[in-house]
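Novice: Provided herewith is a single structure, encoded as C-alpha cells, for subsequent inquiry.
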Amino acid sequence: MNALRGLLRKEGYHILRDRRTLMVLILMPIVQVVLFGYSIRTDVTDVRLAIVDPAPDPVTLALRGRLAATNLFRTVAVLPRASELEPLFKRDAAQVAVVFEPRLGERLARGLPARVQVISDATEPNTGVARQSYVAAVIEAWDRERRAAEGGRGGGIQIVPDSRMRFNPTRESSNLFVPGLMAMVLTIIASMMTALSLTREKETGTMEGLLVSPLRPWQIVIGKVAPYLAIGFIGVIAVLAEARLIFHVPVRGSLALLLGEGLLYILVSLALGIVISARTSSQRVAMMAALVGTMLPTVLLSGFIFPIESMPWPLRWLANIVPAKWFVAIARGIMLEGTGIAYLWPETLVLMVMALVLLAVSARSFNVRLE
Amino acid sequence: MSATPAASPADAVVAEGLVKRFGSTTALDGMSFQVHAGELFGFIGADGAGKTTLFRILATLLVPDAGTARVLGYDVVSDLWALRQRIGYMPGRFALYPDLSVEENLRFFASVFGTTIAREYAQIAPIYSQLEPFKRRRAAALSGGMKQKLALSCALVHRPDILFLDEPTTGVDAVSRREFWDLLAHLRAGGLTIIVSTPYMDEASRCDRVALVQRGGILAIDTPAAIAASFGRPLFAVRGSDRYGTLRAIREYPNTGSVYPFGEVLHFTDARAATPPAGAARELESYLASRGLAAAVTPTEPTIEDTFIARLSAAQPEQAA
Amino acid sequence: MNESLAIRARELTRTFGAFTAVDHITFDVRAGEVFGFLGANGAGKTTAIRMLTGLLAPSGGEAVVAGHDIRTESEAVKRDIGYMSQRFSLYDDLTVRENIQLYGGIYDLPPAEIRARMRRMLDRLGLQRSESALVRSLPLGWKQKLAFSVALLHEPRIVFLDEPTGGVDPITRRQFWELIYEAAHAGTTVFVTTHYMDEAEYCDRISIMVAGRIGALGTPHELKAQFGAASLDDVFVRLARPERAAGAAGAPGEPLAPRGATP
C-alpha cells in the first residue's frame, strides 16, 4: 500500500507543479460549461419582427402594440405591402413577419374570419418554428382576451402560419451545416496542423539547422505553410463536392467567390497557426492552444451549430473576433441565399483585415534566432 | 590564466568577454579566446559548462548579453546573414529529419544553400561514400554512428569556410568516435577550420589546440601537450592489487596532495613541494606496505585530463575528492 | 543456486522477428564484483540488460539474477535489484526528499527506515541542505550521485547502471566511481555499462558484446594481454573492426553486420 500511496502522491505533485496543464484542466471545463450553456439556447429572444399592415385600424394597432410590448420581439419595420418583405428577409433584417389582412377589425366585428399570416425565415428550421409559435401565441392570447371582453361574440382571428423556407426550400439541415463544416475542416488543417508542424521542428531540434542557414524567416514560414494552403483548398473542394453529390446541397451563388473567400479564410487560419506556434516549443502545448484558440470558438461561436442571436451579448460580441463566424456567414450567404459580393463585402473586409493583422503579427513573432 | 594574446587578422574566430545569462543562471561568464584559421580546435568540458551556449552564439543563433564575437571577420550579431552562408553547424542531437531518408536529408540541406549533392560530391565523398549504401534508409533507423556521419555531411555540403560541431560524439560508441575524428583530421588537412566541443578527454589530444571550459569560463587554452605539461608537479602512478583499499589508505596518508583513479592505476601527487620525486615514491610505498597493501609507485607523465582535474579542483575546492 | 554468483546467464537469446539481438550469451558475475558490460551501439547490450532486469522475456536460454530465474520470477528479480540509467533516474519536479520517499515506498520500506537511510545518504553525499530542493535545480553531477544512492536505497544485492556518468566532469565521474567502489566493498554487485573506456579499466572484469555475442570476457589486464593492446580502447577497436585493426587500406569500413541488423 505504501508503494501505491507513494505513486499517487507523486502524480499529485506532477499535476500541481505543471502550471500549464493545470490551467487547462481547471479552466477548460469551466469555460466550456459557460460557453455551451449559453450558446445552446434554443429559446427565442429579441426576434426581429416586421409588420405588414396595409390598412391600419384599431385592431391591427392593438395587435402591433401587444407584439411590441413583449420583450420577445423587436419591431424593425412596418410596411404597407407584403412584397416589401423579401429584401428584409434577404438582408436578415427581419426574422419573422406578421401580415394583417386588410380591414381586419371590420371583419372581426362582422364575425367573419380574419386572417393573420405569420411568415418566418426558416433558414434555421428549429428556431423558425419556435418563432412562429410565439407570435401565434401572443396573437391568440390577445384574441381570447378580446372575445372574453366582448362576451364571446364575433369571429376569431385565424392564424395562417407560413414558414418560408425560402432560403432553405428543402428543409435540409445539412445545408446549414456545410458552411460550418468547411470552416471547421479548414481550421483543423490550417491552424492546428501549421502550429504542430512548426513546433515539431523545434522539438526535434531541426529548427536550429534551418535557422542557421541562409533561409530567411519568411521563406521558412512560407515553406512550411504553403502545403497546408494547398491542402486546405483541396479540403474545401472536397467538402463541397461531397455535400453536392451526397446531400445535394446547392451552391446558389458564385462558386468562384466561395473558393476565393475560402482561400481568404485559410490565410487567416494559417496566420493564427503561426502566431500560436511562435510562442510554444512543445507540440503538446501547441495542440492544446490550437484547440482552445481555434477549434472551440469555431464550433461554438461561429453560428455553425448554435445560432449566435440566441447568445447573451458578451458572447455575441466575442463571436465577432472569431474568424469562422464571418466565414460561415459568407459561405451561407453564397451557398444558400445566392448573395454576391455586393452584399458580402463588409464580412469579406473583416476577414481581409484579420488576415493582414495576423500575418503581420506572425511575421514579427517568427524569430531569426533561437530567442 | 595567461592574458589573451592580441588577435591577428588571420584568426577565424575572435571572442571577447562573452556573457550570456538565462534567468538566474550564468551560462557564459566573460569568455575570451581566438581560433586561428585552419585549426582543429576543441572545447572540452562537462555538461553545463557553457559549450552549447557558446556555439549557438558563434553560429548566430543567440545574442550575447555582453561581449563581442567575430567569425571569419564578421560580427555574429550584425552580420548574421553573411555568416550563415559561410558556416557549417552541427548541433547536438544532430538535427536530422527522422522521417526523411539519408539522401533526402542531404538533398534538402544542399538545396537550402542553393547547391546540389552532385555539385558538392567531391567535397563530401569521404564521408558520404560510407552512407551511400543506405541512402534510402530513413534517418530515424540509422545507428548513432551513421547519424553522426550524415549530420556531418549535411553540415559540409555547402562548402563552409568554418565548421562548428557541438558534441558530435556524445553517446556514440568508442569505435565510431575514432572514425569520426579520423574524418575530422582528413577535413582539417584540406584547410577547413573546425571547432568541436566534446566531454571526452581522450579526444582532446586529437586537436591542434584546446580550451578547457567549466562553468562558463576557460580554465586553460593551449595545445594539448602544453596543457598536459603545465601540470606543474611530479605525478605518480600507484599500481596495486586492492585498488579501493589502496585508495582509502592514501586518503589517510598525511602527505597526500591529490589521489584519484586513473585507468588501471591511481594517480598521486605529494603535497610537499620540496621533496624529491624518488623519495616521495619510496615513502608512499612503505606507508602502504605498513598498511598491508603491496603497491608499486612510479613517476608518470601527466595527461591533459590530469591537468584538467588539477585546475578544476583549484577552481572549485568544495568539489575536490 | 551458487550463492557466490550474482548473475548466471546460459545461452541467453533474444530475437525480434528475423533479427537476433542477443545471440546465446553465457557468462557469470560474482557477488560483490564490479562488472563492466560493454559493446558498441546496436551490439545488443540494452536488450541483454532488459532481460536481466526482468523487463523483457528471453527467446531462449536462461539466466538467474539475484537468485531468481528471470523467466519465471521476474517480479522477484525486480524487487532484489536496483536500477539507474542516464535517460531516467529521478523526477525533476519533485524534491530530493520526495524522490527518496517515493522510491522507499515503492520498495515497501517502513517510513522510519526510509528516514534513517535518507539521513545517512544525504550526509554521505553532502546534500544535507538540499533536502527540499527540486532535483531539477541540482547540478548534473549531484543528480547522478543521488540517483545512484537512491537505486541502492532498498539495499539490493545487485545494482544495474546504464551509462551512469554521461556528460559530467572528470572529478565528478571519479567521485561517482568511488561510490561504486564503496557499494561493491559493502557486498553489492555492480553491473555497469559505459562508453568511457577508461571507466572500463575501473571494473574487476568486463565483457564486450559484438553483434549479439560476447566477443571478450575477462579482467582488463587479461584482455589487453589477449589482444596485444595498450588500452581497452584498442581492444574495443580490434574487436569491433578487425579489418581496420589489421591495417586495411582506405577509409574506415562498415562494422561487422550482425545477422539482419542495421549498422
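The values are calculated or read from the model by the stated rules, or taken from the named source; none is laboratory data. Please read all numbers here as calculations on a predicted model, not as lab measurements. Heads up, the Cβs are rebuilt from the backbone with ideal geometry, glycines too, and the neighbour counts pull from every protein chain shown. Note: accessible area is taken over every heavy atom of the protein model, side chains too, but ligands, DNA and RNA are not part of it. Shrake-Rupley method; radii C 1.70, N 1.55, O 1.52, S 1.80 Å.
Novice: Only one of these is open to solvent by less than 40 Å² (accessible area, probe 1.4 Å) and either touching a helix residue (DSSP H, G or I) at 6+ places or on another chain (Cβ under 7 Å) or within 25 Å of C:Gly166 (Cα to Cα) (or both): B:Val112, B:Val76. Name it.
Specialist: Unique residue meeting the criteria: B:Val76.
Novice: Moving on to the next point. Are any residues in the stretch B:46-88 within 7 Å of another protein chain (Cβ to nearest Cβ) and more than 15 Å from B:Val13 (Cα to Cα), and if so, which ones?
Specialist: Listed by number, the residues that qualify are B:Ala46, B:Asp47, B:Gly48, B:Leu61, B:Leu62, B:Val63, B:Trp81, B:Gln85.
Novice: Scan the stretch B:89-103 residue by residue and report those that are surrounded by 15 or more Cβ atoms within 10 Å (Cβ to Cβ), facing chain A (nearest Cβ under 9 Å) and out of contact with any Phe, Trp or Tyr (no Cβ under 6 Å at 6 or more places or on another chain).
Specialist: Of everything in the stretch B:89-103, those that are surrounded by 15 or more Cβ atoms within 10 Å (Cβ to Cβ), facing chain A (nearest Cβ under 9 Å) and out of contact with any Phe, Trp or Tyr (no Cβ under 6 Å at 6 or more places or on another chain) turn out to be B:Met90, B:Pro91, B:Gly92, B:Arg93, B:Phe94, B:Ala95, B:Leu96, B:Tyr97.
Novice: Consider the stretch B:278-321. How many of its residues are of a type outside the set (A, V, I, L, M, F, W, C) and open to solvent by less than 60 Å² (accessible area, probe 1.4 Å)?
Specialist: Qualifying residue count for the region: 12.
Novice: Just give me the residues in the stretch C:209-243 being open to solvent by 60 Å² or more (accessible area, probe 1.4 Å) and at pLDDT below 90, in sequence order. Explain how you work it out, then say what you get.
Specialist: Looking only at the stretch C:209-243, we keep the residues that are open to solvent by 60 Å² or more (accessible area, probe 1.4 Å), and these are C:213, C:217, C:221-222, C:225-226, C:230, C:238, C:243.
The answer is C:Ala230, C:Arg238, C:Glu243.
Novice: Look through A:Ala271, A:Ala238, A:Ala256, A:Ala319 and report the one residue that is out of contact with any Phe, Trp or Tyr (no Cβ under 6 Å at 6 or more places or on another chain), open to solvent by less than 10 Å² (accessible area, probe 1.4 Å) and either more than 30 Å from A:Arg74 (Cβ to Cβ) or of a type in the set (Ser, Thr, Tyr) (or both).
Specialist: A:Ala271
Quick grid of which residues meet (1) in contact with a Gly (Cβ under 7 Å, 6 or more places away or on another chain); (2) more than 27 Å from A:Leu16 (Cα to Cα); (3) outside any helix (DSSP H, G or I):
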| position | (1), (2), (3) |
| --- | --- |
| C:Ser89 | no, no, yes |
| C:Arg97 | no, no, no |
| C:Pro156 | yes, yes, yes |
| C:Thr165 | no, yes, yes |
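Novice: Of all residues in the stretch B:133-150 being part of a helix (DSSP H, G or I), over 12 Å from B:Ser101 (Cα atoms) and among the small types (Gly, Ala, Ser), which is least open to solvent (accessible area, probe 1.4 Å)?
Specialist: Out of the qualifying residues, it is B:Gly145.
Novice: When the residues of the stretch C:125-137 are narrowed to those that are touching a residue at least 40 places away in the same chain (Cβ under 8 Å) and open to solvent by 20 Å² or more (accessible area, probe 1.4 Å), which ends up farthest from the chain's Cα centre (by Cα)?
Specialist: Going through the stretch C:125-137, the residues touching a residue at least 40 places away in the same chain (Cβ under 8 Å) turn out to be C:134-136.
Narrowing further to those that are open to solvent by 20 Å² or more (accessible area, probe 1.4 Å): C:134, C:136.
Numbers: C:Leu134: 26, C:Arg136: 24 Å.
My answer is C:Leu134.
Novice: Collect the residues in the stretch A:74-122 that are assigned to a loop (DSSP other than H, G, I, E, B) and either modelled with pLDDT of 85 or more or over 23 Å from the mean Cα position of the chain (by Cα) (or both), keeping them in residue-number order.
Specialist: Result: A:Pro80, A:Arg81, A:Glu101, A:Pro102, A:Arg103, A:Arg110, A:Gly111, A:Leu112, A:Pro113.
Novice: Pick from the stretch A:333-365 the residues that are closer than 21 Å to A:Glu201 by Cβ and surrounded by fewer than 17 Cβ atoms within 10 Å (Cβ to Cβ): which of them is modelled with the highest pLDDT?
Specialist: Out of the qualifying residues, it is A:Val361.
Conditions tested, residue by residue: (1) outside any loop (DSSP other than H, G, I, E, B); (2) touching a Cys at 6+ places or on another chain (Cβ under 9 Å); (3) at pLDDT 75 or above.
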{"residue": "A:Gly12", "(1), (2), (3)": "yes, no, yes"}
{"residue": "A:Met28", "(1), (2), (3)": "yes, no, no"}
{"residue": "A:Val44", "(1), (2), (3)": "no, no, no"}
{"residue": "A:Arg48", "(1), (2), (3)": "yes, no, yes"}
{"residue": "A:Leu61", "(1), (2), (3)": "yes, no, yes"}
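Novice: Separate question: Does B:Ile162 fit the bill of being more than 9 Å from every other protein chain (Cβ to nearest Cβ) and either open to solvent by less than 10 Å² (accessible area, probe 1.4 Å) or of a type in the set (Ser, Thr, Tyr) (or both)?
Specialist: Yes: the conditions hold for B:Ile162.
Novice: Looking at (1) crowded, with 23+ Cβ neighbours inside 10 Å; (2) touching a helix residue (DSSP H, G or I) at 6+ places or on another chain (Cβ under 9 Å), which is the one condition that is false for C:Val29?
Specialist: Failing condition for C:Val29: (2).
Novice: May I pose another question? Can you tell me how many residues in the stretch B:257-277 are more than 14 Å from chain C (Cβ to nearest Cβ) and open to solvent by 20 Å² or more (accessible area, probe 1.4 Å)?
Specialist: Total meeting the criteria: 8.
Novice: Turning to a different aspect of this structure: Restricting to the stretch B:192-210, and then to whatever is outside any helix (DSSP H, G or I) and farther than 22 Å from A:Val212 by Cβ, can you tell me which residue is nearest to the other protein chains (Cβ to nearest Cβ)?
Specialist: Across the stretch B:192-210, the extreme among qualifying residues is B:Pro199.
Novice: How about the stretch C:194-208: which of its residues are more than 11 Å from chain B (Cβ to nearest Cβ) and either in contact with a helix residue (DSSP H, G or I) (Cβ under 8 Å, 6 or more places away or on another chain) or charged (D, E, K, R) (or both)?
Specialist: C:Arg205, C:Ile206 - these are the residues of the stretch C:194-208 that are more than 11 Å from chain B (Cβ to nearest Cβ) and either in contact with a helix residue (DSSP H, G or I) (Cβ under 8 Å, 6 or more places away or on another chain) or charged (D, E, K, R) (or both).
Novice: B:Lys20 - would you say it is in contact with a Ser or Thr (Cβ under 8 Å, 6 or more places away or on another chain), surrounded by 16 or more Cβ atoms within 10 Å (Cβ to Cβ), within 14 Å of another protein chain (Cβ to nearest Cβ) and closer than 20 Å to B:Thr223 by Cα?
Specialist: no
Novice: Residues of the stretch C:149-176 being surrounded by 23 or more Cβ atoms within 10 Å (Cβ to Cβ) and aromatic (Phe, Trp, Tyr), which ones?
Specialist: Passing the criteria: only C:Phe160.
Novice: Any residue in the stretch C:91-98 that is at pLDDT below 90, open to solvent by 20 Å² or more (accessible area, probe 1.4 Å) and away from every other protein chain (no Cβ under 11 Å)?
Specialist: The answer is no, given that none of the residues of the stretch C:91-98 is at pLDDT below 90, open to solvent by 20 Å² or more (accessible area, probe 1.4 Å) and away from every other protein chain (no Cβ under 11 Å).
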